[in-house]
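Peer 1: Here it is, the structure, as structure tokens.
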Amino acid sequence: MVHQKILILDFGSQVSQLIARRVREQQVYCELHPFDVSDEFVRGFGAQGVILSGGPNSVYEADDWRAPQAVFELGVPVLGICYGMQTMASQLGGKVESSAKREFGYAEMRARGHSKLFEGIEDRVNAEGHGLLDVWMSHGDKVTEMPPGFGVIGSNESTPIAAMADESRCFYGVQFHPEVTHTIKGKEIIARFVHDICGCGHDWNMPGYIDEAVRKIREQVGDEEVILGLSGGVDSSVAAALIHRAIGDQLTCVFVDHGLLRLNEGRMVMEMFAGRLHARVVHVDATAQFMGHLNGVTDPEQKRKIIGREFVEVFQAEAQKLPNAKWLAQGTIYPDVIESGGAKSKKAHTIKSHHNVGGLPETLGLKLLEPLRDLFKDEVRELGVALGLPHDMVYRHPFPGPGLGVRILGEVKQEYADLLRRADAIFIDELRAAGWYDKTSQAFAVFLPVKSVGVMGDGRTYEYVVALRAVETQDFMTAHWAELPHSLLGKVSNRIINEVRGINRVVYDISGKPPATIEWE
Ligand SMILES: Nc1ncnc2c1ncn2[C@@H]1O[C@H](COP(=O)(O)OP(=O)(O)OP(=O)(O)O)[C@@H](O)[C@H]1O
Ligand SMILES: O=c1[nH]c(=O)c2[nH+]cn([C@@H]3O[C@H](COP(=O)(O)O)[C@@H](O)[C@H]3O)c2[nH]1
Ligand SMILES: NC(=O)CC[C@H](N)C(=O)O
Ligand SMILES: [Mg+2]
């Protein structure tokens with residue numbers, strides 16, 4: 001089935017992904033691509049409409065940060081947001097200048113004229129009968145001259161051209177950000193653009209998606225076999241459930257126990273998949289293999305590389321046991337795709353080599369099957385529920401592939417992993433009991449291989465330290481430490497010190513990301 005779709009071009013705004021999510025919420029399919037795609041790409045894409053995102057540059061400085069000219073020649077509606085509006089103005093013959101007054105945060109904008117974009121959408125009406133909108137702005141430049149054919153459709157004191165339109169061509173520019181929730185009527189404005197102006201229907205929804213994805217997987221795979229690395233995390237679990245629905249026992253899930261999993265994780269994953277979904281799951285106990293290679297290694301990057309490499313080894317060995325395995329399935333989701341090809345990645349530094357199934361070697365000899373490539377995390381969760389996975393599993397906190405390997409600082413030892421597993425389980429247990437699990441995005445314990453002195457039952461102790469980490473975040477790119485109640489932290493600390501012999505001190509991590517990262521290694 002061919003969907004109607006919107007093309008979003010990313011100029012590097014921090015909130016570009018939100019535009020895509022807002023469009024998807026309207027049950028309209030869209031794709032986010034870097035702004036510098038070619039004219040041919042734009043012409044071949046088949047968009048019903050194009051959205052240009054915001055971005056950190058100024059059009060009068062960065063003269064190569066332009067939309068492909070084809071965007072304006074497709075004969076479809078275009079919406080420019082912030083930088084997107086500014087480049088549209090500049091490319092079509094208007095003018096953009098630095099503004100004396102920067103606007104950052106809340107602003108009130110008056111709708112003017114009768115534009116299709118805002119007609120009937122307002123938060124309040126003023127004495128003269130003009131609609132007023134509460135919007136969120138973040139800019140230092142502004143359009144000072146509109147291109148030929150455009151008229152003003154929104155203004156405020158500091159930004160007289162806060163929104164503009166050429167209604168005959170359906171070109172719109174807004175200086176504010178309709179994609180953020182602080183713009184109260186942002187959702188209505190996006191809906192107006194995609195449905196009424198671009199003419200898109202509501203053809204993107206989960207039940208429809210399952211049928212379509214199942215058909216596509218069957219077509220791709222035929223009678224060949226697929227192996228999938230199952231971690232028990234959200235993405236690989238949903239991918240497994242979807243592929244299993246499509247091809248049943250042609251799918252073999254490989255669940256690798258590297259000895260660095262959480263408490264009881266192995267049992268839980270096996271019960272869920274083999275027991276409940278009746279999927280074929282191979283449980284590989286590779287503890288000795290991973291621990292052996294990690295022995296004596298203290299450098300975080302080296303540890304990550306070793307773990308990634310050993311994963312691939314295990315998958316290769318398992319694939320060779322199957323007569324007809326031609327595919328390796330992965331739970332790659334849309335943000336993974338965007339982050340490895342988006343406008344922002346061009347200047348990005350490597351902070352950590354996040355392993356997925358390792359850097360896949362050419363010699364793997366398997367084709368990749370990635371049925372979640374088009375979905376955002378919340379869509380993946382919705383899909384998981386629609387496929388019958390339990391709520392608890394689908395709403396779990398993410399868990400990194402290298403597992404406790406990056407939560408034990410320095411050298412990884414069996415003894416440390418055992419202590420950490422128990423401390424972590426107590427923390428998560430208490431978070432759930434206090435209703436805080438769903439209020440945090442990720443929470444875990446970290447093992448510090450240093451000893452400190454304590455006193456227990458009148459005796460001296462000299463034992464290890466555990467740090468607790470809990471964060472709140474939308475996208476895991478930036479995060480705040482969670483302000484857990486002191487009473488809850490107190491209870492967790494008490495239980496860990498009392499129940500886990502070998503730990504006599506618990507601390508709470510109060511660093512944000514940046515400058516810290518979420519994991520400690
Ligand atoms: N213990 C494991 N056994 C087998 N495969 C694994 C294991 N850990 C990670 N993987 C593979 O690495 C991939 C990437 O892991 P990642 O943590 O990003 O995703 P996830 O575990 O599916 O979801 P979540 O982000 O919710 O943890 C997984 O999809 C899975 O294929
Ligand atoms: O699958 C994964 N493989 C990895 O190697 C990896 N390293 C970090 N993470 C997870 O990514 C998010 C951001 O983590 P950091 O702030 O520590 O980089 C957090 O959610 C981390 O748990 C990983 N996930
Ligand atoms: N958020 C944006 O897109 C900002 C655009 C441009 N850099 C400005 O400051 O006006
Ligand atoms: Mg995971």
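The values are calculated or read from the model by the stated rules, or taken from the named source; none is laboratory data. Keep in mind that this is a model prediction, so the values were computed, not measured. Don't worry about glycine lacking a Cβ; one is built from the backbone with ideal geometry, like all the others, and counts go over all protein chains shown. Calculation scope for accessible area: heavy atoms of the full protein, side chains included, ligands and nucleic acids excluded. Shrake-Rupley method; radii C 1.70, N 1.55, O 1.52, S 1.80 Å.
Peer 1: Scan (1) hydrophobic (A, V, I, L, M, F, W, C); (2) farther than 16 Å from Glu370 by Cα; (3) outside any helix (DSSP H, G or I) for the single condition Leu328 breaks and write down its number.
Peer 2: For Leu328, the exception is condition (2).
Peer 1: Shifting gears a bit: Considering only residues that are touching a strand residue (DSSP E or B) at 6+ places or on another chain (Cβ under 8 Å), open to solvent by 20 Å² or more (accessible area, probe 1.4 Å) and modelled with pLDDT of 95 or more, which ones fall in the range 207-248?
Peer 2: Residues satisfying the conditions are Gln220, Glu224, Glu225, His244.
Peer 1: Restricting the search to the range 48-70, which residues are acidic (Asp, Glu) and over 20 Å from Gly93 (Cβ atoms)?
Peer 2: None; the set is empty.
Peer 1: Of the residues that make up the range 456-473, is at least one more than 18 Å from Ser493 (Cα to Cα) and in contact (Cβ under 8 Å) with a residue 12 or more places away in the chain?
Peer 2: Within the range 456-473 (the criterion being more than 18 Å from Ser493 (Cα to Cα) and in contact (Cβ under 8 Å) with a residue 12 or more places away in the chain), the answer is yes, since at least one residue qualifies.
Peer 1: State which residue pairs qualify: first residue closer than 17 Å to Gly331 by Cβ and inside the range 202-228, second residue of a type in the set (Lys, Arg) in any location, beta carbons under 9 Å apart, and separation of 6 or more residues or different chains.
Peer 2: Cβ pairs passing all conditions: Ile210/Arg245; Ala213/Arg245; Val214/Arg245; Ile217/Arg245; Gln220/Lys367; Val221/Lys326; Val226/Lys326.
Peer 1: Can I ask one more? Scan the range 422-438 for residues that are of a type outside the set (Gly, Ala, Ser) and open to solvent by 80 Å² or more (accessible area, probe 1.4 Å) and jot them down.
Peer 2: The answer is Arg422, Asp429, Arg432, Asp438.
Peer 1: Do you know which of the residues in the range 114-131 that are open to solvent by 20 Å² or more (accessible area, probe 1.4 Å) and among the hydrophobic types (A, V, I, L, M, F, W, C) is farthest from Tyr60 (Cα to Cα)?
Peer 2: Filtering first and then ranking leaves Ala127.
Peer 1: Select from the range 169-184 the residues that are in contact with a strand residue (DSSP E or B) (Cβ under 6 Å, 6 or more places away or on another chain) and of a type in the set (Ser, Thr, Tyr) and write down the one among them that is nearest to Gly131 (Cα to Cα).
Peer 2: Only one residue fits best here, namely Thr183.
Peer 1: For the range 354-379, name all the residues that are modelled with pLDDT of 65 or more and either away from ligand 1 (no atom under 15 Å from the Cβ) or surrounded by fewer than 14 Cβ atoms within 10 Å (Cβ to Cβ) (or both).
Peer 2: Matches in the range 354-379: Pro361, Glu362, Thr363, Gly365, Lys367, Leu368, Asp374, Asp378.
Peer 1: Could I ask something else about it? From Arg280, Arg262, grab the single residue that is open to solvent by 10 Å² or more (accessible area, probe 1.4 Å), farther than 16 Å from Val380 by Cβ and within 16 Å of ligand 2 (Cβ to nearest atom).
Peer 2: Arg262
Peer 1: Criterion first (more than 14 Å from Ile161 (Cα to Cα) and of a type outside the set (Phe, Trp, Tyr)) does Ala107 satisfy it?
Peer 2: Spelling it out, it is not the case that Ala107 is more than 14 Å from Ile161 (Cα to Cα) and of a type outside the set (Phe, Trp, Tyr).
Peer 1: What are the residues in the range 382-421 that are closer than 30 Å to Pro207 by Cβ, crowded, with 18+ Cβ neighbours inside 10 Å and among the small types (Gly, Ala, Ser), if any?
Peer 2: Gly384
Peer 1: Moving on. For the range 399-415, indicate whether the set of residues that are modelled with pLDDT of 95 or more, charged (D, E, K, R) and not in a loop (DSSP other than H, G, I, E, B) is non-empty.
Peer 2: There is at least one residue in the range 399-415 that is modelled with pLDDT of 95 or more, charged (D, E, K, R) and not in a loop (DSSP other than H, G, I, E, B).
Peer 1: Same structure again: Looking at the range 439-490, which of the residues that are open to solvent by 10 Å² or more (accessible area, probe 1.4 Å) and either on the phi > 0 side of the Ramachandran plot or aromatic (Phe, Trp, Tyr) (or both) is farthest from the chain's Cα centre (by Cα)?
Peer 2: Asp458
Peer 1: Could you tell me which residue of the range 283-312 is nearest to Gly229 (Cα to Cα), considering only residues that are among the β-branched types (Val, Ile, Thr) and surrounded by fewer than 17 Cβ atoms within 10 Å (Cβ to Cβ)?
Peer 2: Only one residue tops the list, namely Val284.
Peer 1: For the range 232-261, give me each residue that is more than 21 Å from Arg309 (Cα to Cα) and touching a helix residue (DSSP H, G or I) at 6+ places or on another chain (Cβ under 8 Å).
Peer 2: Val234, Ser237, Val238, Ala240, Ala241, Leu242, Ile243, Arg245, Ala246, Ile247, Gln250, Leu251
Peer 1: If you don't mind, there's one more thing I want to ask. Tell me which residues, restricted to the range 36-58, are open to solvent by less than 10 Å² (accessible area, probe 1.4 Å) and either in contact with a Ser or Thr (Cβ under 8 Å, 6 or more places away or on another chain) or within 16 Å of ligand 4 (Cβ to nearest atom) (or both).
Peer 2: If the condition is that a residue be open to solvent by less than 10 Å² (accessible area, probe 1.4 Å) and either in contact with a Ser or Thr (Cβ under 8 Å, 6 or more places away or on another chain) or within 16 Å of ligand 4 (Cβ to nearest atom) (or both), then Leu52, Ser53, Gly54 are the ones that fit.
Peer 1: Could you please find all residues in the range 13-26 being in a loop (DSSP other than H, G, I, E, B), out of contact with any Ser or Thr (no Cβ under 6 Å at 6 or more places or on another chain) and of a type in the set (S, T, N, Q)?
Peer 2: Hits for the range 13-26 are Gln14, Gln26.
Peer 1: What residue, of Glu25, Glu31, Glu61, is in contact (Cβ under 8 Å) with a residue 24 or more places away in the chain, open to solvent by 20 Å² or more (accessible area, probe 1.4 Å) and more than 21 Å from Phe171 (Cβ to Cβ)?
Peer 2: Of Glu25, Glu31, Glu61, the one residue that is in contact (Cβ under 8 Å) with a residue 24 or more places away in the chain, open to solvent by 20 Å² or more (accessible area, probe 1.4 Å) and more than 21 Å from Phe171 (Cβ to Cβ) is Glu25.
Peer 1: Please give the number of the condition Gly266 fails out of (1) farther than 12 Å from Ile217 by Cβ; (2) at pLDDT 95 or above; (3) not hydrophobic (A, V, I, L, M, F, W, C).
Peer 2: (2)
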